[in-house]
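Inspection log for the structure reproduced underneath, given as structure tokens.
Here, each number is a calculation from the coordinates, and none is a lab measurement. Since the structure is predicted, the reported quantities are computational estimates derived from the model, not experimental observations. A quick note on method: Cβ atoms are made from the backbone with ideal geometry, for glycine too, and the neighbour counts reach across all protein chains shown.
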Amino acid sequence: MIPDKCSFCKGKLVKGKTEFVVKANDEMLVIKDVSALVCSECGEAYYSPDESGKIDKIMKKFHKSYCSR
Ligand SMILES: [Zn+2]
């Protein structure tokens with residue numbers, strides 16, 4: 001669930017786009033333009049269930065292709 005305030009600093013959450021970085025050992029994947037609610041104080045991003053599902057899929061693909069080498 002996405003809180004209506006930042007759970008770290010109680011800052012205001014604003015709709016925006018963020019980057020999600022996936023790391024596997026020395027490989028790195030950046031997922032750009034992920035819609036999220038971003039804290040205006042500390043920059044912490046909160047993803048909707050839809051977006052985290054997408055991120056999950058991309059991460060699984062990424063790890064699979066990395067491990068099959
Ligand atoms: Zn915050």
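Taking +1 at the Cβ of each Lys and Arg and -1 at the Cβ of each Asp and Glu, which of 55, 25, 65 sits farthest along the dipole of the chain towards its positive end, judged by Cα position relative to the Cα centre?
65
Expressed as an acute angle from 0 to 90° and rounded to the nearest 10, what is the orientation of the C-alpha long axis of helix 49-67 relative to the principal long axis of the chain?
30
For residue 28 and residue 2, calculate 0.36 nm times their separation in residues minus their Cα-Cα distance, and state this gained length in nm to one decimal.
Stretched fully, the residue 28-residue 2 segment lengthens by 6.7 nm.
Report the charge-dipole magnitude of the chain in Debye, nearest 20, computed about the Cα centre from +1 at each Lys and Arg Cβ and -1 at each Asp and Glu Cβ.
180
Given a cut-off of under 8 Å on Cα pairs at least six residues apart, what relative contact order in percent is computed for the chain?
28
What are the chymotrypsin sites (Phe, Trp or Tyr not before Pro) within region 1-59 that DSSP puts in a loop, where the Cβ has at most 13 other Cβ atoms within 10 Å?
Here the chymotrypsin sites (Phe, Trp or Tyr not before Pro) that fit, given the DSSP loop and packing criteria, are 8.
If we restrict to alpha carbons, what Rg and Dmax does region 13-67 come to, in Å?
According to the Cα coordinates of region 13-67, Rg and Dmax are 12.3, 38 Å.
Could you give each residue of region 6-21 its phi-based ³J(HN,Hα) in whole Hz, using Karplus coefficients 6.51, -1.76, 1.60 with θ = phi - 60°, and x for Gly or Pro?
Values, residue by residue: 4, 7, 8, 10, 6, x, 6, 9, 10, 5, x, 10, 9, 10, 10, 9 Hz.
Along region 23-34, what does the Karplus equation 6.51 cos²θ - 1.76 cosθ + 1.60 (θ = phi - 60°) give for ³J(HN,Hα), rounded to whole Hz, x for Gly and Pro?
Values, residue by residue: 10, 9, 6, 9, 9, 9, 10, 10, 9, 9, 6, 8 Hz.
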